[in-house]
Amino acid sequence: MKFIDEFRDGGIARGLIQKIEKSSSRPIQLMEVCGTHTVSIFRYGIRKLIPPQIQLISGPGCPVCVTPNSDIDYAIALSRRKDVILVTFGDMMRVPGSTSSLLKEKAEGRDIRVVYSSLDALKIAEENPDKKVVFFAIGFETTSPTIAVAILHAKEERLRNLFFLNSQKKIPPAIFTLLQSKRVKINGFILPGHVSTIIGSDPYQFIAKEFFRPAVITGFEPLDILQGIWMLVRQIEEGRAEIEIQYKRVVHKEGNPLALRKVLEVFEINQAQWRGLGWIPESGYRFKASFQELDARNLYVEVETPREHPECKCGEVLQGIKTPLQCRLFRIVCNPENPVGPCMVSVEGTCQAYYKFQS
Amino acid sequence: MCLSVPGKIIRIDENMNMAEVDVGGFLRDISLDLCPDVSVGEYVLIHAGFAIQKIDEEEAMETLNFLKKMAEME
């Protein structure tokens, strides 16, 4: 496939690895913030290709993983209403809430449907005028504009039976929180390429200016990731801290301004709750007053008090404080067939990546 | 979940602001609501049924040529 195969060239990869080896003089820890990067890094064996003194730590960039139990419980409670069709992205189905999951609820006969796009929720609402259709809106900045467009269409078409359970999040405030924490040791960041396609490079400037850490917005093919690592190593060795763009074929400084405008037409910035990271100011959204009627949180349901599995280390894994290998449940009790926490459920979850690729 | 793939624009339906794209030999319909200024034959990055950005072929070639040169220098 064009724009993919060329960026998997083995010869160039070897050249890049040699460059990294030559430039790197000391042990460093780099965080790949995004779950899609984590999967690529494992799939192409990049951890084993680069010098051992460069350690890659997985970050909080998996939307399913950071969705708190309280929101999953809310979706489950809504799905139990007889007049509701709950619509969700597939990854969310198997994530355990406090006492159930959407998959279990579906098996109990609730009307829960998996979609690929927010636009599918519009169709389901049009086809089921006697039902309340609730879209479980999770995702980072890459996905938020697609949800905003669906909301704008719903408003325009005066769909009265479509609602959105908003649990969307913004990445830069989570990075800010990680940098403030003394438990997390990171020398540089591999920044998410597709979030940055939307937001551009400006929202990350605090990483360099306030925390003096380098960061590189990076693509997802092996050559992209290796080049990103090389750029980070060079910044660290030269004592620079800048926000650089490796993934120039789709990421521009200003991002996608139209997409950003759509999001802010519908939502205003608000605090949000993250699994493992807690409440983070300005890391999420709430509906603007003029879109209140689409907020699923106005639908009445009783939601159970959220509970977490006491042994699950997903929260610390998301912050890069622990690896899955330091969790007692990993492999023994918790595996992709029987996941205890969301980091094992999601294909982008760090625990699932370790389970699949780390022998 | 931020997984996005490149696709080539095959046909544009201007009334609906939709496009048919070729993604590795498979045809799909996507929305152009977030990336309206595209033409047939151009490549876009696709996420959750939407084009979210045009792919800049020149930049892609520049990155590749730079990496090739750098690898040859070894």
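Choose one of A:99, A:212, A:289: the residue whose Cα lies farthest towards the positive end of the charge dipole of chain A (beta-carbon charges +1 Lys, Arg; -1 Asp, Glu; about the Cα centre).
A:212
Taking chain A as the reference, fit the longest principal axis to its C-alpha atoms, fit the long axis of helix A:171-180 to the helix C-alpha atoms, and give the angle between the two in degrees, 0 to 90, nearest 10.
60 degrees
Where both residues lie in segment A:164-308, what percent of DSSP beta bridges are antiparallel, nearest 5? Walk me through the intermediate numbers first.
Numbers: 8 of 16 bridges.
DSSP beta bridges in segment A:164-308 are roughly 50 percent antiparallel.
Using only C-alpha positions, report the orientation-averaged shadow area of the convex hull of segment A:124-231, nm², one decimal. Can you show the working numbers first?
On the way: hull surface 36.6 nm².
Quarter of the Cα hull surface area: 9.1 nm².
Please compute the alpha carbon radius of gyration of segment A:263-359, then divide it by the globular-protein estimate 2.2 N^0.38 Å. Two decimals is fine. Please report the intermediate quantities before stating the final value.
Values: Rg = 17.2 Å, N = 97, 2.2 N^0.38 = 12.5 Å.
For segment A:263-359, the normalised Cα radius of gyration comes out at 1.37.
Pairing the Cα long axis of helix B:57-72 with the longest principal axis of chain B, what angle in degrees results, from 0 to 90 and rounded to the nearest 10?
Approximately 20 degrees, to the nearest ten.
Against the longest alpha carbon principal axis of chain A, how many degrees, from 0 to 90 and to the nearest 10, is the axis of helix A:144-156 turned?
Helix A:144-156 and the main axis of chain A meet at about 30 degrees.
Expressed as a whole percent, how much of the Cα-Cα distance distribution for segment A:1-308 exceeds 30 Å?
38 percent
Among the Cys residues of the protein assembly as shown, which have no other cysteine Cβ under 4.7 angstrom away?
Result for the protein assembly as shown is A:34, A:312, A:327, A:334, B:2, B:35, no neighbouring Cys Cβ within the cutoff.
Could you list A:316, A:254, A:348 in order of exposure, starting from the residue whose Cβ has the fewest other Cβ atoms within 10 Å? Write out the running numbers ahead of the final one.
On the way: A:316 16, A:254 11, A:348 24.
Least crowded to most crowded, the residues run A:254, A:316, A:348.
Which entries of A:2/A:155; A:106/A:131; A:2/A:170; A:132/A:288; A:2/A:185; A:288/B:8 show an alpha-carbon separation above 26 angstrom in the structure shown?
Working: A:2/A:155 38 Å; A:106/A:131 17 Å; A:2/A:170 30 Å; A:132/A:288 21 Å; A:2/A:185 37 Å; A:288/B:8 36 Å.
Those over the limit are A:2/A:155; A:2/A:170; A:2/A:185; A:288/B:8.
Write down the percent of antiparallel bridges among all DSSP beta bridges whose residues are both part of the protein assembly as shown, to the nearest 5.
Values: 28 of 62 bridges.
That works out to approximately 45 percent antiparallel.
Using packing as a proxy for protection, rank A:140-152, A:227-239, A:162-174 so that the peptide with the highest average count of other Cβ atoms within 10 Å comes first.
On the way: A:140-152: 26.0, A:227-239: 21.2, A:162-174: 23.8.
Ranking, from highest mean packing down: A:140-152, A:162-174, A:227-239.
Would you list A:181, A:70, A:25, A:346 from fewest to most Cβ contacts within 10 Å? Write out the running numbers ahead of the final one.
On the way: A:181 13, A:70 16, A:25 10, A:346 27.
Ascending Cβ contact count within 10 Å gives the list A:25, A:181, A:70, A:346.
Only counting other Cβ atoms within 10 Å, I'd like A:355, B:43 sorted with the fewest neighbours first. The partial results should precede the final answer.
Numbers: A:355 18, B:43 23.
So the ranking, lowest neighbour count to highest, is A:355, B:43.
Is it possible to state the helix-based mean residue ellipticity at 222 nm for the protein assembly as shown, with each DSSP H run of 4+ residues giving -39500 (n - 2.57), the sum divided by total residues, to the nearest 500 deg cm²/dmol? What is it?
Values: 17 runs with 152 residues, N = 433.
Rounded to the nearest 500, it is -10000 deg cm²/dmol.
For segment A:63-153, what does the alpha-carbon gyration tensor say about shape, rounded, prolate or oblate, given a ≥ b ≥ c as the root eigenvalues, a/c under 1.5 as rounded, and a/b over b/c as prolate? Show your work: numbers first, answer last.
Values: a/c = 2.06, a/b = 1.11, b/c = 1.85.
Judged from the Cα gyration tensor, segment A:63-153 comes out oblate (a/c at least 1.5, b/c at or above a/b).
Report, in whole Å, the centroid distance computed from the Cα atoms of segment B:6-45 and segment A:2-39.
30 Å
All of the numbers you see were taken from the coordinates with simple rules; none came from a lab. Keep in mind that what you see is a predicted model, and the values were worked out from it rather than measured. Here Cβ is always computed from backbone atoms with ideal geometry, including for glycine, and neighbour counts include all displayed protein chains.
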